Every structure is written in C-alpha cells, then in structure tokens.
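Computed from the coordinates by the stated procedures, all read-outs in this text should not be read as laboratory data. Quick caveat, the model's predicted, so the values are computed rather than measured. FYI the Cβ positions are ideal-geometry reconstructions off the backbone, even for glycines, and counts take in every protein chain you see.
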Amino acid sequence: MKIWIVLADERAAFFYDARGAKGPFDLVLKIVNPTGSPDREIEQHGRGFGSATRREDFVHRIADEIERGRNALKFERLMLASGPRMLGSIRSALSDPCRSLLAAEVKTDRANLGAAGLRGRWPDLLSGGTTGERQ
C-alpha cells in the first residue's frame, strides 16, 4: 500500500512516503514558507497584516502538491499531522478525491518531529489496516 504522510506547520511541510509499519519513511518533498510562523506565535502576537493570506497561499501549495501526488498515483492513502488550525485549513483546501483518501489525522504542531516520530500513532494503517486516528 502506498501511503503519504504530510507533516506541516506554518513554516514548512514535509511529505513522506511510508513503506508500511516497519519500512522506511522517505522524505519525498519539503516545502518551506519563509514568511510563516507557528500557530502559537500568531496567537501570542496577534495576526499581522497579510498573515492570513500568506498562510492560505502556503496551505494551497500543500494541497496542490497532494493533488499532484494523487494524480501521479504516488499514494493510495493520505495521513496528515498538523496543528489544529493548519490541519483544518489543509483539509478544506483538498479536493474531494484527495479528501476521500484521507485515512488519518493527528493534531500536533510539531512538524519537525518527523514521520518516524509518528509511526506508533498509525500502526494499523501502516500495516494495511483500515482504522485511522482522528483527533
């Protein structure tokens, strides 16, 4: 089973190709948003002028890459891990066909954790199971 795991925050998105529960996670793409800041910084300092627009542009870049991967048959299931606000934005920006492949979500704002750090969260899915964690 081809699985993509996308870890994202306001600053970067990491796309991993997961090769099952015991296989390697290969980083296939990293998108950097040089103007981004994490949700918690936005909450502490208030939204600056244009920050919502920059965030939306970045979210659409992520969704576009997921769409390209789907069209190229690079994955059969999709897993997302992101902070709650960013996760909702990414999910909303996905096309219906991409959303239908969404197998699991984890609300975490630590994109730098790496896919291996999330391996224990989805053992059933990574082994070909059908139940996903939705927080």
**Request:** Work out, step by step, the length gained on full extension between V32 and S95: first 0.36 nm times the residue separation, then minus their alpha carbon distance; give nm to one decimal.
**Result:** 20.5 nm
**Asked** Taking the simple approach of a point 7 Å from Cα along Cα-to-Cβ for both E56 and M1, what is their distance in nm?
**Response** 3.5
